[in-house]
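J.: The structure's right below; bear with me while I get my questions together.
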Amino acid sequence: MDLEKHLIAIHQHLKKTHEDRADYHNHMANTHTSALGQHEEKSAEHEFHKNAAESHMAARDACQDRMEECDKARSECEKAGIAGMIRKMFDNLIVPTNVSAVAPPRSAPAGLVAVPRLGQPEIKNPAVPNVDPQFQKLFSMDDGEPEHSIL
């Protein structure tokens, strides 16, 4: 199954889902509307059924709007094909390039500067490891002779 047919099938499935929900909300709105006559006007029960019926009618209308949107999307997909639809969806977006989730300090692009935030510890030179002073000699990379000699 190619992508266009798959998208059309998805739109048809979504339309059916919204249609089922609209039928449910229509049934509930009718049920609450018929229950209005069983209670005195201005009573708590009457107000409950009145509000519930209005809520279900609004939900039904929203589902019917979504059904129309699914029909429209399906017909656009059939007409324009997948390439045209993707172009229409993403045409006005700025797409970043050369974005990395992790940029190690040594391979960071030129001009990239770390911005300290309030309360953040001081950003030190990444070339110098953050090591306790008594252990710095262990982590240093000197090619020369040690400064102090035991002999």
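J.: Would you check if Lys50 is modelled with pLDDT of 80 or more and in a loop (DSSP other than H, G, I, E, B)?
T.: no
J.: Is the range 30-42 home to any residue that is more than 28 Å from Ala9 (Cα to Cα) and touching a residue at least 24 places away in the same chain (Cβ under 8 Å)?
T.: Yes, the range 30-42 contains at least one residue that is more than 28 Å from Ala9 (Cα to Cα) and touching a residue at least 24 places away in the same chain (Cβ under 8 Å).
The values are calculated or read from the model by the stated rules, or taken from the named source; none is laboratory data. The structure displayed is predicted, hence computed values, not measured ones. Cβ sites come from the backbone with ideal geometry, for glycine too, and all protein chains shown count toward neighbours.
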